[in-house]
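Take a look at the structure set out below.
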Amino acid sequence: MLRNTRESWGAPAKLLHWTMAALVFAQFALGWLAASWRLSPTKLNLFVWHKSTGILLLALVTVRIVWRLLNPTPALPAGLPRWERAAARASHLLLYLLLVAMPLTGWIINSTANIPFRVFWLFPLPDITAPDKALEELAKKVHLGLFIALALTLTVHIGAALRHHFVKHNDILARMLPGKGRRA
Amino acid sequence: MNLRARLAGALLLASVGATAPAADWGMDAAASRLEFIATYERQAAPGVFRRFNTRLRFDPERPQGGRLHVTVMLANTDMDSTDINEAIRAPEWFDLARFQQAEFTSSDIRRTAPRQYVARGVLRLKGVNREVTVPFTWDGAGDTAVMAGELTLDRTAFGIGTGEWAAGDPIGLHVKVKFKVTLRKAG
């Protein structure tokens with residue numbers, strides 16, 4: 001099935017989840033390398049990769065949110081304590097917000113810094129703000145703060161998934177894995 | 001006596017008129033602009049030299065014997081990005097700690113077509129002297145004139161962008177320089 005059901009995730013939802021998971025970790029590495037590399041053509045290229053991946057992630061998260069709203073969401077296992085349900089809902093909402101806010105603040109940095117940029121060397125990204133040094137500095141701080149928030153939230157997200165699988169022995173992790181969930 | 005003096009005066013005026021030295025022109029900075037267009041990832045990356053000066057001795061009817069001198073204060077280069085403006089001060093680029101000023105000097109100005117001229121001379125940039133030909137148009141009316149033109153330079157000829165930057169990627173080798181200078185005849 002392509003569409004989600006109340007019991008399982010469809011293939012598009014899984015593909016979006018794991019593609020974005022891989023890209024987000026690649027993005028952490030690219031961002032860190034680009035920021036710390038000495039000024040050189042390599043640094044500029046690392047930034048092109050980082051910014052391009054960020055724009056790709058922004059497009060993917062948009063598709064993902066739309067797809068999620070158009071589909072049923074698989075239910076959490078019965079008997080899950082109220083606080084865990086609330087924590088799951090809050091952390092998933094926070095992840096979506098951060099996945100939107102990270103590329104947006106990056107886009108603001110790129111616009112305020114006024115450095116020409118073409119996504120994957122293909123087409124220019126329009127500016128969403130005017131050149132502005134003060135706003136650039138602020139957006140850089142926010143971008144870094146959001147990165148820390150995202151890293152922490154992902155730690156909770158991954159820790160919770162592993163706990164569900166290995167401690168509580170439910171299918172929350174397994175039903176997001178490729179190939180599973182066809183029994184529905 | 002009176003007549004002779006007037007006659008002598010008239011003769012003197014006539015002779016001065018015949019061999020009148022070309023006029024000296026000074027630049028109206030507020031109405032003048034010197035800009036350049038570099039490329040980054042094959043996209044235009046424009047900049048402006050905000051402080052420069054032009055001195056010219058020139059008679060559009062008899063350009064030979066004219067003399068053009070342009071100085072550019074490189075510290076006032078503005079590429080509309082604080083980060084880039086900072087980066088171009090480095091030794092790999094303008095090396096502002098050692099070279100604050102660029103200079104073009106020409107004493108070889110020729111007419112190529114009506115109101116079109118070329119000034120051949122030497123551009124001194126980052127300690128390097130290179131022969132450069134600067135084409136320009138001349139629009140003069142009375143004591144005011146506008147000279148405008150553009151040329152393309154190879155930045156590596158002047159050591160602008162050394163080391164890894166000397167390759168044409170991601171920052172292109174050719175830089176277009178454009179100018180539109182308003183001149184006023186010096187009183």
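The values are calculated or read from the model by the stated rules, or taken from the named source; none is laboratory data. Since the model is a prediction, treat every value here as computed from it, not as a measurement. Cβ sites come from the backbone with ideal geometry, for glycine too, and all protein chains shown count toward neighbours. Calculation scope for accessible area: heavy atoms of the full protein, side chains included, ligands and nucleic acids excluded. Shrake-Rupley method; radii C 1.70, N 1.55, O 1.52, S 1.80 Å.
Structure notes:
- When region B:116-134 is filtered for residues that are over 28 Å from residue B:75 (Cβ atoms) and open to solvent by less than 70 Å² (accessible area, probe 1.4 Å), the ones remaining, listed by number, are B:117, B:118.
- Filter pass, residue B:95 being under 30 Å from residue A:112 (Cα atoms) and acidic (Asp, Glu): yes
- Scanning region B:92-99 for residues that are within 14 Å of another protein chain (Cβ to nearest Cβ), among the charged types (D, E, K, R) and either in contact with a helix residue (DSSP H, G or I) (Cβ under 9 Å, 6 or more places away or on another chain) or assigned to a helix (DSSP H, G or I) (or both) turns up at least one hit.
- Test: residue A:67 is in contact (Cβ under 8 Å) with a residue 24 or more places away in the chain and open to solvent by 40 Å² or more (accessible area, probe 1.4 Å): yes
- Taking first residues from region B:104-127 that are over 30 Å from residue B:91 (Cβ atoms) and partners that are among the acidic types (Asp, Glu) and open to solvent by 30 Å² or more (accessible area, probe 1.4 Å), the Cβ contacts under 8 Å between residues at least 6 apart in sequence or on separate chains come to B:115/B:139; B:119/B:108; B:120/B:108; B:120/B:131.
- Residues satisfying the stated conditions in region B:83-131, i.e. of a type in the set (Gly, Ala, Ser) and in contact with a Gly (Cβ under 6 Å, 6 or more places away or on another chain): B:106
- Scanning region A:18-50 for residues that are within 30 Å of residue A:175 (Cβ to Cβ), loosely packed, with under 15 Cβ neighbours inside 10 Å and not hydrophobic (A, V, I, L, M, F, W, C) turns up just one, A:19.
- Only residues that are surrounded by 18 or more Cβ atoms within 10 Å (Cβ to Cβ) and touching a Phe, Trp or Tyr at 6+ places or on another chain (Cβ under 7 Å) were counted across region A:1-15, and they come to 1.
- Scanning region B:60-72 for residues that are in contact (Cβ under 8 Å) with a residue 12 or more places away in the chain and exposed (fewer than 15 other Cβ atoms within 10 Å of the Cβ) gives B:62, B:64, B:65.
- Matching entry among A:116, A:131, A:124 (being open to solvent by 50 Å² or more (accessible area, probe 1.4 Å), more than 18 Å from residue A:146 (Cα to Cα) and touching a strand residue (DSSP E or B) at 6+ places or on another chain (Cβ under 9 Å)): A:124
- One residue stands out among those in region B:157-170 that are assigned to a helix (DSSP H, G or I) and more than 14 Å from chain A (Cβ to nearest Cβ): the one that is nearest to residue B:102 (Cα to Cα), which is B:158.
- Scanning region B:45-61 turns up one or more residues that are within 14 Å of chain A (Cβ to nearest Cβ), in contact with a Pro (Cβ under 8 Å, 6 or more places away or on another chain) and over 28 Å from residue B:23 (Cβ atoms).
- You will find that of A:18, A:32, the residue that is at pLDDT 95 or above and over 14 Å from the mean Cα position of the chain (by Cα) is A:32 and no other.
- Residue count for region A:151-179, restricted to those that are assigned to a loop (DSSP other than H, G, I, E, B) and either of a type in the set (S, T, N, Q) or over 12 Å from residue A:88 (Cβ atoms) (or both): 9
- Residue count, region B:171-187 (criterion: closer than 16 Å to residue B:153 by Cα and either open to solvent by 70 Å² or more (accessible area, probe 1.4 Å) or away from chain A (no Cβ under 14 Å) (or both)): 6
- Residue count, region B:151-182 (criterion: in contact with a helix residue (DSSP H, G or I) (Cβ under 6 Å, 6 or more places away or on another chain), among the small types (Gly, Ala, Ser) and touching a residue at least 24 places away in the same chain (Cβ under 8 Å)): 1
- When the test is whether a residue is among the β-branched types (Val, Ile, Thr), away from every other protein chain (no Cβ under 14 Å) and outside any helix (DSSP H, G or I), residue A:53 does not pass it.
- Across region B:1-58, the number of residues qualifying as surrounded by fewer than 14 Cβ atoms within 10 Å (Cβ to Cβ) and at pLDDT 95 or above comes to 2.
- Verdict on residue B:146 being more than 14 Å from chain A (Cβ to nearest Cβ), on the phi < 0 side of the Ramachandran plot and buried (at least 19 other Cβ atoms within 10 Å of the Cβ): no
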